[in-house]
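One structure below.
Laboratory data are not the source of any read-out in this text; all were calculated from the coordinates shown. Since the model is a prediction, treat every value here as computed from it, not as a measurement. Note that we place each Cβ from the backbone using ideal geometry, even for glycine, and neighbour counts take in every protein chain shown.
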Amino acid sequence: MKKNEMFSKSLTFMKIQESLKYLYKSFFDFIYPPFCYTCDERLKESERLVCEKCWNSFKPYEGGIKIEKKELNIPGKTNFSECYLTYNYNEKTLKLIHIFKYSKKSSLSIRMGKKLGEVIKKNNFEKKFDMIIPVPLHKSRERERGFNQSDLLSRFASSESGIPLFKNIVIRTKNNKSQSQLSYKERIENVKNIFRVKQPEMIKDKEIILIDDIITTGLTVNSCCGELKKHGAKEIICMAVIHPVEK
Amino acid sequence: MSKRPACKVAIAFIIGIIVEKYASISTWYIFSIIALSLIIFFLIPKHYRNILLYLGIVLLGMLRYGAFISVPNKGHIIYTNSFGNWVEIRGWIKDKRNYFDEKTKYTVELTKIWDGKYYKNTNGRVLVNRYIEDNNFRYGQEVYIKGRLLKPRGSKNPGEFNYAGYLRNKGIFAIINLGSKSEIRFANKKNGNWFRREIVEKIKFDFINRISKNFSGQEKEILKGLLLGEREGIDPDLKEQFAKSGIFHILAVSGLHVGFVIFLLGFFVSLLRFPKLFKIILVILGIVFYASLTGSRPPVVRASLIYGIVLLGFFAERRIEPLNSIGTAGLILLLFRPDDLFSASFQLSFAAVSGIIFITSAFEDFIGNAFKYLPKSFLIRIFKKYIIIPLIISFGVILFISPFSGYYFSRLSFIAVILNLIVIPTTGVIVGLGFYSLIVGYFIPNICEPFNIVLHYLLKLLIFIADYSNKLIYSYMDVSRETVILIVIFCIFFYLGYKSIAEGKKRRLLIYLLLLANILILDRILFHRIGEMRIIFFDVGQGDSALITFPDNKKMLIDGGDKRLSFDAGEYNIAPYLKRNGIKFIDWVVITHPESDHIGGIPFIIKNFKIGSVLEMGVKEDSEIYKELENEINAKNIPRKQIFSGMRVNDSELYRIYILHPTKEFISEIYRNTNNFSIVIKIVYGESEFLFTGDIESFVEEMLMRYNDFLQSDVLKVSHHGSKTSTSSDFLSKVKPKYAVIPLGEYNIYNFPDSSVISRLKTINTEVIRTDLNGSAVFTSAGKKLVRVR
């Protein structure tokens, strides 16, 4: 008897809770109508920011895309062995990254980070590699943005793949300008000596996955890898979400 | 669900408000319609229900507006029958503003009113004007006031600023002007919101005191305006220069300032190591505090609300649809104060925000593409970020607010598009430095000296820009309402036409063109009635002024009202009408006689408009205002003509202007005052006849009896503001006017109009039109039937 009563009570409670939730949601939907960022279609109940259809359209490559070093634009020696991407570059995926970074929708990182983890698993990297390191942002830039995009991506990639994440091994010492605004020559100068390894003993003879959000010319990750290599890292591969090809 | 639900609902709500304003449908009708629609709602198929839903929102808008403008509760001040009488009231000061000309305005929240025997409870707000500068802290103070309770006047002349409506929107229904006989006493008791009185207003008071200590002159006043919204102390001439340059918006605390404050708060908050939610709450609290610091002025509240909605969406990580956000803000604001919809400030705010949204979305791709092909160099980057994008946004804002500023202020500013690039960052720096100096200066006074020097020069720069930019050619343009409406119509049709060409729909283009042609023809009919004469007797307070537009589009201004300490009939009553109607040239300005209440406003008109000639009868007066008038006439080299009875003013056969008085012989005689020299004019157009009598007294009226039946007129401008010395029965029996217009001020000290004059007019069945009660009077005639328009 008692159990039954309790059950019915909690049911009404749940009903109230649910209707309140519905009210809250419809109120928010009225002010901020839920439409997909990338395709402008109305979102379903369970979707947020980007619709399922669009997410599915992003992933034609099961094991990630491996890009050749010559596709990147690095002068001289590259400091990493391989480079993987999760999504093919197109208008939609670029928009996705822009929304994530500049409209500061940090929740988008869950899906993308998990995808990175999946790529890691598909290629059986979780057995070989010891740690995931995100490309650091400068302190003031991170404070300005509120988060570090590679940090968030790495977090979910790590939880998906099981490779431990180490955040404060490398730091960015110089608040350099955003690469996207610069010409190629300026870019090379811009990324010189901007990273510093804080805990060299941690990376000695380790195999590392370095994660960034976008790899364009590869100069930034290369500079970071160079710093890691200098302090004894054995092998490094880079991973990112997209690689914009500039025409 | 649509992409912008809030916009749709807001538009439905707005339609409801507009319908209720102009149709004023009774609440019971609306209720019954709602009941009926509810029944229909459940009867009709589902896919039609949406329309009914919007209808329901329209009805809600009607209900809300009806409830808002309905008269307040029973004890309210508007129910007293003491208007026009001396009253004793008690209340507490809700707001105090110091004005430029050493005037202080209090908004007093009423609690009690003396009804002859005892104090009775009452409520409502009274505006109290005091002609002394009051620099003490007054918010929440209880006061006793003795004075004459006046009703605020609505728009006195067609299209003029509606002061009563403006005050009503602030909940003010009565005015008391403190003079020599009236009295204000400050009690020791305090009232009002504790937090506001003891914290917000005290901080503000301290801020104002320190600004006054560190700055002087107009810089002080502008800084007060920029930081705290206390812009009443700024010299009206300087305000006018800012308005002409199109940068007045920086003086009024608005979205721009709230934006700067949020930027500063955001910067400050980003230095702290708090969780995100905490930071956003801090910023929102900061905005609320800033809004209350500025006295929660409507533009600040509007801006804060919009920023608040954006911040909330940002925190909830929602996709923010800009138009939907401002739709939500508009809806919330109109729910609370539906009457705001009709205020220029509200319309300008939302036009500006829409302009920014429109232009950024329209030019986003364009800019991206344009800069793709340019080399990525430092200079080009700076050029794009600090010149091109701000220029485009500034253009968008001006584009959208121009119809409103043209409609309300008869002015379009072009130079503002460029000026904004300098003025807005300067304002930002001033706001930043100003608050820094005020807040840090509170703890360490001396550290701010260098900042104050920088501020001083920045403020000087603002004044310099406002002063010089409006003198440049084509910096601004005066436009009539007709022009504004036509430009807007052309823009809409241009857009529609462009769209139909782009979509290749030629038949639709043709329909648009035909529609445009129809509108243009309608415009000719509405605004330029061929062969129509129009006469307006201005309401200039205690004074006299009338403007006649003849059928051949020539204009005659007879007298120009008064000029007193802070009032110029030419500036406030006549010029706005002229500008609004696109009148730039007046053929004849008639000075009936050189008394202050007839010539006071003319110098301003001469200064700001082109004049064909000045007609006068030649008697001069030794007064300041007459000297000013002569100086203006000489400065602009306007021909002066003496006119006597028997002269003809115009050559046209269409209508006649007769001068009945004075004769040449009469001028050479000497009388006590100039009133009897007044020029008497009779205007005849077809069957419509008008008689203007200046300030003549009955003895001149007797002289005029020689014209006999020729005196007969449809409209008589009653002589000498309805004084008993004029408008004799004999004279009236000859004139036999259908309408008698008496130009005079409310509660004038001469006790005009005399009751005997009114009764004399009533006995011959003349309709009496008093400008103190009716506002201005407007007549039109096409040569046959006389029509009273207003």
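For region B:203-478, calculate the relative contact order in percent as a whole number, restricting contacts to Cα pairs under 8 Å that are 6 or more residues apart. Mind showing how you got there, number by number?
On the way: 257 pairs, mean separation 69.7, N = 276.
The normalised contact order for region B:203-478 reaches 25 percent.
With just the Cα atoms defining each centre, how far is region B:1-17 from region B:190-245? Give it in Å.
Region B:1-17 and region B:190-245 have Cα centres separated by 37 Å.
At B:ASN177 and B:ALA344, where each label point lies 7 Å from the Cα along Cα→Cβ, what is the point-to-point distance in nanometres?
Those two pseudo-labels are separated by 2.3 nm.
Which of the chymotrypsin sites (Phe, Trp or Tyr not before Pro) across region A:92-146 are loop residues per DSSP, with 10 or fewer other Cβ within 10 Å?
none
Per residue of region B:463-470, what does 6.51 cos²θ - 1.76 cosθ + 1.60 with θ = phi - 60° give for ³J(HN,Hα)? Whole Hz please, x for Gly and Pro, Karplus curve as stated.
4, 4, 4, 4, 5, 8, 5, 6
Write down the Å³ per residue value for the convex hull defined by the alpha carbon atoms of region A:124-176. All intermediate terms of the calculation are to be shown ahead of the outcome.
Numbers: hull volume 4.1 nm³, N = 53.
Expressed per residue, the convex hull around the Cα atoms of region A:124-176 is 77 Å³.
Report, by chain and number, residues whose modeled amide H sits under 5 Å from the one on B:LYS505, excluding near sequence neighbours (fewer than 5 apart, same chain).
Amide H neighbours of B:LYS505, under 5 Å, 5+ apart: none.
What FRET efficiency do you get for B:PHE699 and B:TYR144 if R0 is 45 Å and r is their Cβ-Cβ distance, rounded to the nearest 0.05?
That pair, B:PHE699 with B:TYR144, gives E of 0.35.
Run the reach check for B:LYS170 against aspartates and glutamates, Cα to Cα strictly under 17 Å, same-chain hits fewer than 8 apart removed. What comes back?
Partners found: B:ASP95, B:GLU109, B:GLU230, B:GLU232, B:ASP339, B:ASP340.
Where does chain B land at 222 nm, in deg cm²/dmol rounded to the nearest 500, when only DSSP H runs of n ≥ 4 count, each adding -39500 (n - 2.57), divided by all residues?
-15500 deg cm²/dmol
Looking at region B:672-765, which trypsin sites (Lys or Arg not before Pro) are DSSP coil and have at most 12 other C-beta atoms within 10 Å of their C-beta?
B:ARG672
Just to be sure I understand: with springs between alpha-carbon atoms less than 10 Å apart, which residue in A:ILE31, A:ILE163, A:ILE133 has the highest mean-square fluctuation in the Gaussian network model of chain A?
A:ILE31
Between region B:148-168 and region A:224-240, what is the separation of their alpha carbon centroids in Å?
77 Å
Using r as the Cβ-Cβ distance of A:PHE30 and B:GLU630, and R0 as 60 Å, what FRET efficiency do you calculate, to the nearest 0.05?
Working: r = 66 Å, r/R0 = 1.11.
Rounded to the nearest 0.05, the efficiency is 0.35.
Between B:ILE501 and B:LYS784, take the C-beta separation as r, use R0 = 60 Å, and let me know the FRET efficiency to the nearest 0.05.
Efficiency at R0 = 60 Å is approximately 0.80.
Cα extents of the protein assembly as shown along the three principal axes, largest first, in whole Å?
122, 76, 73
Can you pull the Rg over Rh of region B:194-307, Cα-only, Kirkwood?
Checking Rg against Rh, the ratio lands at 1.01.
Roughly what angle does helix A:91-102 make with the longest principal axis of chain A, taking Cα atoms, 0 to 90 degrees, to the nearest 10?
Taking the Cα atoms of chain A, the angle to A:91-102 is about 90 degrees.
For a label point 7 Å from the Cα of B:LYS213 along Cα→C-beta, name the residues of region B:427-442 whose backbone N is under 17 Å from it.
B:434-442
For the pairs A:LYS69/A:LYS198; B:LYS112/B:LYS239; B:LYS120/B:LYS724; B:LYS8/B:LYS46; A:LYS229/B:LYS276; B:LYS3/B:LYS46, flag any whose C-alpha to C-alpha distance is greater than 30 Å.
B:LYS112/B:LYS239; B:LYS120/B:LYS724; A:LYS229/B:LYS276
How high is the relative contact order of region B:77-192, in percent, with contacts defined as C-alpha pairs under 8 Å that are six or more residues apart?
Numbers: 265 pairs, mean separation 34.9, N = 116.
About 30 percent, as a whole number.
Over the Cα atoms of region B:334-373, Rg to Rh with Kirkwood Rh, two decimal places?
Details: Rg = 16.0 Å, Rh = 12.2 Å.
Using Cα coordinates only, the ratio equals 1.31.
Can you give the helix-only mean residue ellipticity at 222 nm for chain A, where every DSSP H stretch with n ≥ 4 adds -39500 (n - 2.57) and the sum goes over all residues, rounded to the nearest 500 deg cm²/dmol?
Values: 10 runs with 110 residues, N = 247.
About -13500 deg cm²/dmol.
With both partners inside the protein assembly as shown, how many of the DSSP beta bridges are antiparallel, as a percent to the nearest 5?
65 percent
Sorting check: for A:13-26, B:252-265, which peptide has the highest mean count of neighbouring beta carbons within 10 Å, and how do the rest follow?
In decreasing order of mean packing, A:13-26, B:252-265 become B:252-265, A:13-26.
Report the antiparallel proportion of the DSSP beta bridges in chain B as a percent, rounded to a multiple of 5. Present the calculation step by step, with values, prior to reporting the outcome.
Values: 65 of 93 bridges.
The antiparallel fraction comes to roughly 70 percent.
Using a simple charge model, +1 on the beta-carbon of Lys and Arg, -1 on the beta-carbon of Asp and Glu, nothing else, what dipole does region B:91-204 show about its Cα centre, in debye to the nearest 20? Show your work: numbers first, answer last.
Values: 26 positive and 12 negative charges, 60 e Å.
Roughly 280 debye, rounded to the nearest 20.
Could you work out, residue by residue across A:179-189, how many beta carbons of other chains sit within 10 Å of that residue's beta carbon, and then give the average as an integer? Present the calculation step by step, with values, prior to reporting the outcome.
Values: counts 0, 1, 5, 4, 4, 1, 0, 3, 1, 0, 0.
Rounded to a whole number, the mean comes out at 2.
Based on alpha-carbon centroids, what's the gap between region B:600-634 and region B:457-528 in Å, whole number please?
Centre-to-centre (Cα) distance: 36 Å.
Past 25 Å, Cα to Cα: identify those pairs from B:LYS584/B:LYS738; B:LYS96/B:LYS607; B:LYS74/B:LYS94, in the order given.
Working: B:LYS584/B:LYS738 32 Å; B:LYS96/B:LYS607 35 Å; B:LYS74/B:LYS94 22 Å.
Pairs exceeding 25 Å: B:LYS584/B:LYS738; B:LYS96/B:LYS607.
Give me the net charge of B:ILE208's neighbourhood, meaning all other residues with Cβ under 9 Å from the Cβ of B:ILE208; Lys, Arg count +1, Asp, Glu -1.
Result for the local shell: +1.
Using Cα atoms only, what is the angle between the long axis of helix B:5-23 and the major principal axis of chain B, expressed in degrees (0 to 90) to the nearest 10?
Approximately 20 degrees, to the nearest 10.
Given the Cα atoms of region A:58-240, and with Rh set as the inverse mean 1/r over their pairs in the Kirkwood sense, what is Rg to Rh to two decimals?
Result for region A:58-240 is an Rg/Rh of 0.92.
How high is the relative contact order of region B:639-785, in percent, counting Cα pairs under 8 Å that sit 6 or more residues apart?
Relative CO of region B:639-785 lands at 17 percent.
For helix B:236-245, what angle does its Cα long axis make with the longest principal axis of chain B, in degrees from 0 to 90 and rounded to 10?
70 degrees
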